[in-house]
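In what follows, a structure is listed as structure tokens, so that the remarks can point back to it.
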Number of protein chains: 2
Amino acid sequence: MARPRSYDPTVALDRAMHLFWEKGYADTSMADLVGATGVSRYGFYSEFGDKDALFEKCVAHYAQTVIPRGLGPLEAPDAGLPEIDAYLAGLGRSAPSGTRKGCLIGNTATAGLTPTAGVADQVGRHYERMRAAYRNALANAADAGDITGDPDALADFLVGVVNGCLASFRAGVPETSVQAFLEQARRTVTA
Amino acid sequence: MARPRSYDPTVALDRAMHLFWEKGYADTSMADLVGATGVSRYGFYSEFGDKDALFEKCVAHYAQTVIPRGLGPLEAPDAGLPEIDAYLAGLGRSAPSGTRKGCLIGNTATAGLTPTAGVADQVGRHYERMRAAYRNALANAADAGDITGDPDALADFLVGVVNGCLASFRAGVPETSVQAFLEQARRTVTA
């Protein structure tokens, strides 16, 4: 297999992951992936398998390396309302015009793209982890008297809000309208 | 062009629309469309153009024939909280296990599928119409004293809720969790 001397498989996987994250699964071509990873087209299949197999590896890599940055603060033992606020504010910055590009797993799931059973499994686990993280912070906020709603119902609510935000940005809903949605969602949580 | 004697172009368009609605744009093949419309493969291009051109016609047909059933009650001069309630209840029945299949235009938009500029235009107009319909019913509900929130903010909120519902069902979020999201959204509207 033709590997350039400086080839690093972890760097290659990371580059492929960022490409899928930026362009989306459907719009990422084999030529894009070959270019980003630096593997020759001939070596690609023995290194990564086909596009779907590499996508599955990228989703796992994303769950291990990127998701903890987003959900970690909500999963902390002392997480509460400030962490929920910061998370919702971050969602608002995931507009197409902004510096973020949504969530690779959330984008994939809400677009109905689960090309392999392995990706579908990871999507399912991701949503369970998300809901558990929200519930943790919400339960602490309720214990602290910062919110009065039911942490379980509000955790389900926040899952819908995140999906609504990702889907609205993708649908081209005006950014001011999505921000109003998120502000109302925050008022609902703290009501 | 080979047209069966009983061929009716409006029936053919309607069948193509239902196929796109059920299977989604990406998973609907030319063979599916030829089979559903009853036009020969040779005659297809002169009758409808390519798949994207037919999809654009189907989205327009859907906006004219199906959308009024969903938004009509909210657009009525006397629409109010009961119409909003009925609409949110209908959303809950759009689960993949249910009898409905979401909204062709909403599904297309939230999946990020706008294969032609004409479809993108129609998606934009659809979201404007949706938001105006919500605002109409919400303003009446506020005038009647049934809700205390701001109709504009709540109209933006409902756009996000609809997108969140469609996206959550597509992401495979458990139906009970989506129902909890919708119930919380309803409590938010009537707070």
Inset, instruction - For each of B:Thr116, A:Thr114, count neighbouring Cβ atoms within 10 Å of the residue's Cβ, then give the residues from fewest to most. - result: B:Thr116, A:Thr114
Legend entry - Sorted by Cβ neighbour density within 10 Å, fewest at the top, the residues B:Val39, A:Val161, B:Val173, B:Val66: B:Val66, B:Val39, B:Val173, A:Val161
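Given Cα positions, please report Rg to Rh for region B:66-190, the hydrodynamic radius being the Kirkwood one.
Details: Rg = 14.3 Å, Rh = 14.9 Å.
Rg/Rh: 0.96.
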Inset, instruction - List nothing, just return the count: lysine pairs in the protein assembly as shown, 8 or more apart or interchain, with Cα separation under 19 Å. - result: 6
Inset, instruction - Could you tell me how many degrees, from 0 to 90 and to the nearest 10, lie between the Cα long axis of helix B:175-190 and the main elongation axis, the longest principal axis, of the Cα atoms of chain B? - result: 50
Inset, instruction - Mind running the shape call on region B:9-62? Use the C-alpha gyration tensor, a ≥ b ≥ c as the square roots of the eigenvalues: rounded below 1.5 for a/c, prolate if a/b tops b/c, oblate otherwise. - result: rounded
Legend entry - P(r) tail fraction, the protein assembly as shown - alpha-carbon pairs more than 37 Å apart, %: 27
Legend entry - Per-residue Cβ neighbour rank within 10 angstrom, fewest leading, A:Cys58, A:Cys165, A:Cys103: A:Cys103, A:Cys58, A:Cys165
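Given R₀ = 25 Å, FRET efficiency for B:Ala153-B:Thr65 by Cβ-Cβ distance, to 0.05?
Values: r = 32 Å, r/R0 = 1.26.
So the FRET efficiency works out to roughly 0.20.
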Legend entry - In order through region A:24-31: 3J(HN,Hα) via Karplus (6.51 cos²θ - 1.76 cosθ + 1.60), integer Hz, x for Gly, Pro: x, 4, 5, 8, 8, 9, 4, 4
Inset, instruction - For peptide B:125-134, compute the average count of partner chain beta-carbon atoms within 10 Å of each residue's beta-carbon. - result: 1
Legend entry - region B:1-141: radius of gyration over Cα atoms, expressed as a fraction of 2.2 N^0.38 Å: 1.17
Legend entry - Test item: B:178-185 mean partner chain Cβ contacts at 10 Å: 6
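Hey, got the dipole for chain B? About the Cα centre, +1 on K and R Cβ, -1 on D and E Cβ, debye to the nearest 20? Mind dumping the intermediate values first?
Values: 18 positive and 22 negative charges, 132 e Å.
Its charge dipole is roughly 640 debye.
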Legend entry - region A:127-191-region A:71-86 distance, computed between alpha-carbon centres (Å): 13
Legend entry - Relative contact order (percent, whole number), chain A, Cα cutoff 8 Å, 6+ residue spacing: 22
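Quick note: the coordinates plus some simple rules give every number you see, no bench work behind them. Note that the coordinates shown come from a computational prediction; the quantities given were computed from them, not determined experimentally. Note: ideal-geometry Cβ built from the backbone for every residue, glycine included; neighbour counts use all protein chains shown.
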